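**Student:** Here it is, the structure, as structure tokens.
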């Protein structure tokens with residue numbers, strides 16, 4: 001374990017956040033955020049990262065030796081290029097190499113869902129609710145659908161850097177087209193925008209997902225949307241349960257706030273598809289909220305594989 005403070009950056013599409021914490025107590029020593037301004041392009045994003053590091057270093061009067069970065073998308077282990085990022089100007093570019101050159105620092109980069117899973121495993125809901133869990137699957141269920149795997153406390157990125165990317169499991173090859181080029185991916189069935197669009201098609205009314213969920217007991221169209229979510233969430237999750245068999249599943253993101261996902265009816269649906277006589281794991285809400293990414297980034301130096 002490192003003795004120097006842990007530095008982490010959450011490189012989001014709308015904001016870049018930096019956090020410095022004590023490696024033992026995990027006390028936050030400094031925390032700042034600025035806008036990403038991704039519309040200004042890749043070079044500007046890299047300079048925003050440098051600006052944030054410089055400002056925080058000046059505040060604490062220290063300079064980091066290494067920094068963990070939570071990023072949208074992932075680095076291809078073979079080419080070193082970014083892939084699958086919704087900050088599209090980063091795709092097909094050597095982000096790690098160029099940032100290390102700009103900053104003159106060693107960097108550890110990981111997908112933001114991996115950082116979410118790592119933070120919740122060490123600092124969030126797992127030590128609170130299930131401290132002996134060894135295999136964790138962390139879900140980001142929001143505008144997109146992603147995931148991260150943590151085994152024995154370490155992130156498992158995988159041979160292709162796509163470990164945990166359950167959002168692109170193909171539920172139906174004849175299903176809706178996905179931006180990835182395939183059809184019928186999990187993301188095309190249970191992401192937030194998809195669920196809101198289903199409600200719009202059924203009711204003719206556009207509502208945010210939070211309000212749709214709140215209307216379930218009084219609005220038959222909302223009830224249909226939540227039933228759709230439960231049915232496809234359970235079927236998709238069982239693809240992971242049947243292969244990884246995690247002790248616990250943490251559900252983050254805006255869709256993860258829907259209470260129905262933690263109710264008995266969702267467990268009943270999971271039991272229809274799991275290759276076992278019932279699901280005995282845990283479905284958990286995260287404890288760190290939108291802070292998980294930056295905490296996980298700070299922990300990457302010590303807990304990445």
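Computed from the coordinates by the stated procedures, all read-outs in this text should not be read as laboratory data. Predicted model only: the values in this text are computed from it and were never measured.
**Student:** Computed over the Cα atoms of the stretch 29-80, what is the ratio Rg over Rh, Rh following Kirkwood?
**Tutor:** That ratio equals 1.02.
**Student:** Additional query: What percentages make up the Cα-Cα pair-distance distribution of the stretch 161-203 when the bins are 10 Å wide from 0?
**Tutor:** Binned Cα distances yield the sequence 30, 49, 19, 2, 0.
**Student:** Something else: Output needed for the stretch 194-305: three equivalent-ellipsoid semi-axes, defined as square roots of 5 times the C-alpha gyration tensor eigenvalues, in descending order, whole Å.
**Tutor:** Calculated on Cα positions only, the semi-axes equal 28, 21, 11 Å.
**Student:** Please express the shape of the stretch 85-163 as an equivalent ellipsoid: the semi-axes are the square roots of 5 times the eigenvalues of the C-alpha gyration tensor, given largest first in whole angstrom.
**Tutor:** 26, 15, 11
**Student:** Further, regarding this structure: What whole-number value in cubic angstrom gives the convex hull volume per residue for the C-alpha atoms of the stretch 35-119?
**Tutor:** Convex hull volume per residue, Cα atoms: 106 Å³.
**Student:** With a 10 Å cut-off between alpha carbons and a GNM built on the chain, which of 59, 263, 216 moves the most?
**Tutor:** Answer for the Gaussian network model of the chain: 59.
**Student:** For the stretch 131-285, what are Rg and Dmax over the alpha carbons, in angstrom?
**Tutor:** 15.4, 48
**Student:** Between 147, 254, 278, which gets the highest mean-square fluctuation from a Gaussian network model of the chain, Cα cutoff 10 Å?
**Tutor:** 278
**Student:** Hey, another quick one. Hey, what's the per residue convex hull volume over the C-alpha atoms of the stretch 1-143, in cubic angstrom?
**Tutor:** Here the figure is 127 Å³ per residue.
**Student:** While we're on this one: In the set [x] 61, 49, 46; [y] 57, 53, 38; [z] 58, 43, 37, which value of Cα extents along the principal axes in Å was calculated from the structure you see?
**Tutor:** After the calculation, the listed value that fits is [z].
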